[in-house]
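The values are calculated or read from the model by the stated rules, or taken from the named source; none is laboratory data. Remember, predicted model here, so these are calculated numbers, not experimental data. Cβ placement follows ideal geometry from the backbone for every residue including glycine, while neighbour counts extend to all protein chains displayed.
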Amino acid sequence: MSESTGHTSVPFGWSQGRVARLLFLIAVAFSTFQIITAAFSPISSQVVRAIHVGFLMLLTFGIAAAVRPRQDLQAMLLWLIGLTGFVLAFYHWVFEGELILRAGDPTDTDLVVGAICIALVFEAARRVVGFALPLICSGFLAYALLGQYLPGDWAHRGYAVSQVIDQLGFGTEGIYGIPTYVSSSYIFLFILFGTFLEQAGMIRLFTDFALGTVGHTHGGPAKVSVVSSGLMGTISGSGVANVVTTGQFTIPLMKKFGYSAEFAGGVEATSSMGGQIMPPVMGAVAFIMAETIGVPYVDICIAAAIPAALYFFTAFLMVHLEAGRKNLVGLPKSECPDPLKALKRDWHLLLPLIVLVWLLFSGFTPLFSGTVGLALTSILILGGAVALRLKGTALRVAFWVALAFASSAFLKFGIGTFFVMIAALVVVCLFVQGGRDTLRLAVNALAEGARHALPVGVACALVGVIIGSLTLTGAATMFANTIIDLGRDSLLLSLVLTMLVCLLLGMGIPTIPNYIITSSLAAPALLELGVPLVVSHMFVFYFGIMADLTPPVALAAFAAAPIARTSGMKIGIQALRIAIAGFVVPYMAVYSPALMLQGDWTIWAVLYVVFKAMLAILLWGAASIGYLWAPLRWPERVWAMASAVCLVAALPITDEVGIASGLAFVAWRLMRHRATTVVA
């Protein structure tokens with residue numbers, strides 16, 4: 001789920017130096033704190049948020065200090081800053097009651113603590129995600145402090161510095177607002193869940209399954225990237241993380257079989273970004289969206305399901321067409337692993353994912369579902385180490401049955417049952433051969449999970465400045481009114497403006513703050529113009545994802561660059577080309593909400609709009625790549641593109657023209673292909 005620019009890549013672990021081991025222990029303590037508070041809620045949500053941000057500060061500045069010599073003055077200063085941020089977090093715990101009683105009337109000490117915490121969050125974000133997000137948030141902060149001097153309707157009544165600090169540094173509207181709440185509960189747990197599965201071997205399962213199913217087909221290596229990245233998206237929800245994991249294997253493989261370096265990187269970047277809209281885990285934004293608009297998380301998953309399938313259909317189709325254009329073959333069948341053997345070998349790794357989906361769709365909260373999924377994964381990892389030491393298949397089967405029976409007890413005795421089982425397995429692992437190595441793997445997963453959560457958590461804390469400033473000044477209402485005024489004559493114009501805002505913001509900031517900004521400003525306007533609630537938020541979410549593929553600052557593209565050994569800018573251009581057909585999906589969802597199962601939809605309405613979307617994607621893909629069974633001439637590419645444009649809007653006449661023209665184009669290409677084949 002994390003999106004990072006690489007500022008947090010300092011290695012730390014058991015075998016590193018003393019500073020690295022200290023960072024490792026801090027990361028493990030961070031993850032342990034999050035698990036305990038998620039499972040048992042021993043302290044209030046506000047305190048959890050504050051300590052969550054405190055850990056983020058300590059880890060961020062500690063990692064920044066670790067890249068410098070141990071006795072360097074700046075390194076010592078960075079550690080002091082990190083410790084200050086961590087210690088001040090406990091101010092909200094120690095004085096929790098007093099802060100509640102004097103809410104809105106802060107003392108001088110409150111103002112000093114609040115100002116320091118806000119400043120530290122700005123600096124931490126600068127180190128983790130670069131300058132763009134802090135600069136944007138600084139603009140909103142400046143508006144809250146100085147907006148009364150602006151001309152016209154944009155001027156507000158004016159607010160004292162103490163009011164702004166109180167709004168942003170305390171309560172639930174600033175740096176400890178909804179994004180931080182979601183980061184400190186749902187997001188952190190799901191990042192840990194994905195990290196534990198990766199440590200247990202889920203990447204190997206997904207890669208072998210993808211290789212076995214599509215590796216031998218036309219252009220198979222690129223299709224492996226699409227399938228494996230889609231599967232990885234179900235557990236990680238992070239575009240950049242997917243690129244640097246599956247991309248290490250898929251990008252060199254694509255290059256080996258004839259794809260250009262920039263196209264290979266573009267395929268991996270495009271496929272990986274789709275993980276953020278792939279249920280059941282999706283990206284961090286999905287949790288923030290559910291909390292922001294007050295709908296169950298499962299409703300967000302349901303709304304995203306068809307668009308996610310269409311997104312990966314787009315990527316799959318584009319690599320298939322490119323393979324046809326360049327006549328690229330797949331891997332030899334003999335070199336591809338057997339997908340059934342891969343499932344037979346690692347089927348047990350799917351159990352936590354299956355249980356997670358079942359819990360989410362059974363009405364359990366994401367917090368509870370994520371905790372159970374994480375606990376089950378831990379039990380599988382630790383239990384596997386114990387099972388390997390048991391002699392005889394019958395004894396091993398009996399052991400797993402006993403674990404399964406004990407795991408089911410959580411329905412009756414609560415989540416604590418899992419932790420009793422985990423504690424017992426930890427004790428057993430200390431005394432069996434290979435058990436300590438397994439424990440080491442589990443602890444490493446705790447540390448890696450905390451590190452992966454770092455950029456997400458810091459970004460969530462900082463965008464609280466935007467939310468706090470907007471709620472204090474009411475600027476979001478004015479911006480929404482501007483879009484509404486423009487959209488009275490043309491909904492399409494409002495959609496295009498909103499898309500451009502998402503893409504422009506995304507050129508400098510990750511998906512999470514991009515969504516929060518645009519959903520605060522533009523989504524209410526789309527809702528006012530008649531776009532359903534979930535669809536309006538999914539629209540800005542979708543283009544926030546596409547922004548990570550948009551040059552000149554495309555995080556996913558630049559993450560693929562060192563692996564592909566080519567320019568990140570070239571990869572970004574290719575990623576846009578591959579994803580170009582996907583741009584039609586959010587527009588079609590606005591005009592036909594049945595695509596996201598919203599509004600008064602029927603099964604026939606859903607089938608119709610899915611058929612229309614697939615036809616439009618096929619036409620866009622053919623026009624972009626210039627191939628459909630054979631190379632296309634320019635008049636044919638224009639024909640295909642014009643037909644696809646007609647299919648985007650839901651007006652009857654454009655539907656009729658688009659479907660008739662599109663089907664005629666496909667039939668024309670098919671007849672020419674058959675005629676050419678017969679002659680040959």
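The residues in segment 326-343 that are modelled with pLDDT under 80 and either within 23 Å of the chain's Cα centre (by Cα) or charged (D, E, K, R) (or both) can be counted, and the count is 3.
Report whether or not VAL463 is at pLDDT below 85, within 30 Å of GLU173 (Cα to Cα) and β-branched (Val, Ile, Thr). Considered against the rule, which asks whether it is at pLDDT below 85, within 30 Å of GLU173 (Cα to Cα) and β-branched (Val, Ile, Thr), VAL463 comes out as yes. Pairs meeting the criteria (first residue in segment 459-483 and under 21 Å from ILE512 (Cα atoms) and in a helix (DSSP H, G or I), second residue among the charged types (D, E, K, R) and modelled with pLDDT under 80, beta carbons under 8 Å, at least 6 apart or on different chains) are ALA459/GLU3; ALA480/GLU528.
In summary, GLY599 fulfils each of the numbered conditions (1) out of contact with any Asp or Glu (no Cβ under 7 Å at 6 or more places or on another chain); (2) part of a helix (DSSP H, G or I) with the single exception of condition (2).
One residue stands out among those in segment 421-471 that are within 30 Å of ALA402 (Cβ to Cβ) and among the basic types (Lys, Arg): the one that is farthest from the chain's Cα centre (by Cα), which is ARG436. If the condition is being buried (at least 24 other Cβ atoms within 10 Å of the Cβ) and over 32 Å from the mean Cα position of the chain (by Cα), then segment 618-639 contributes only LEU628. Quick one: in segment 253-310, which of the residues that are part of a loop (DSSP other than H, G, I, E, B) and among the aromatic types (Phe, Trp, Tyr) is surrounded by the fewest Cβ atoms within 10 Å (Cβ to Cβ)? For segment 253-310, the residue satisfying everything is PHE257.
In this structure, does ILE36 turn out to be part of a helix (DSSP H, G or I), aliphatic (A, V, I, L, M) and either surrounded by fewer than 19 Cβ atoms within 10 Å (Cβ to Cβ) or not assigned by TED's automatic domain parsing to the domain that holds ILE422 (or both)? When the stated conditions are applied, ILE36 passes them.
Scanning segment 592-629 for residues that are hydroxyl-bearing (Ser, Thr, Tyr) and in contact (Cβ under 8 Å) with a residue 60 or more places away in the chain yields SER624, TYR627.
Number of residues in segment 39-68 that are in a helix (DSSP H, G or I) and either touching a Leu at 6+ places or on another chain (Cβ under 8 Å) or not assigned by TED's automatic domain parsing to the domain that holds LEU120 (or both) equals 12. Taking each residue of segment 656-672 that is within 17 Å of ARG637 (Cβ to Cβ) and looking for partners that are of a type in the set (Lys, Arg) and assigned to a helix (DSSP H, G or I) with beta-carbon atoms closer than 8 Å, six or more apart or interchain, yields GLY658/LYS612. A single entry from ALA594, ALA660, ALA589 fulfils the requirement of being touching a Phe, Trp or Tyr at 6+ places or on another chain (Cβ under 6 Å) and either at pLDDT 85 or above or not in a loop (DSSP other than H, G, I, E, B) (or both): ALA594. Apart from one condition, ASP655 fits all of (1) outside any loop (DSSP other than H, G, I, E, B); (2) modelled with pLDDT of 80 or more; the exception is (2).
Of the helices (runs of 4 or more DSSP H) lying entirely inside segment 69-144, those carrying at least 2 residues that are under 18 Å from LEU56 (Cα atoms), at pLDDT below 90 and of a type in the set (A, V, I, L, M, F, W, C) are 73-89, 108-129.
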